[in-house]
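Worksheet for the structure shown next.
The values are calculated or read from the model by the stated rules, or taken from the named source; none is laboratory data. No experiment lies behind these values; they were computed from the predicted model shown. Reconstructed Cβ throughout: ideal geometry from the backbone, glycine too, with neighbour counts over all protein chains shown.
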Amino acid sequence: MKPSVTYLHLLRHTPMFTQLDTFQLRWTIERSREWEARPGTVVSTFSPCKMAKA
């Protein structure tokens, strides 16, 4: 995986971020990291926590 760029004008149209103003979007971009993965790359796996028994 390699670092990717988050663009303000694209983030503004992402459903989770549509209600944020420009200042809030820039704050979010400055504090987040976006990654680009090759097709077929596993980026997450699920492993249930053994301690979380109900």
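A single member of 10, 25, 20 is surrounded by 10 or more Cβ atoms within 10 Å (Cβ to Cβ) and either in a loop (DSSP other than H, G, I, E, B) or in contact with an Asp or Glu (Cβ under 8 Å, 6 or more places away or on another chain) (or both), and it is 20. Being more than 14 Å from the chain's Cα centre (by Cα) and exposed (fewer than 10 other Cβ atoms within 10 Å of the Cβ) is a condition met by at least one residue of region 29-39. Can residue 12 be described as basic (Lys, Arg) and modelled with pLDDT of 90 or more? Yes, satisfied.
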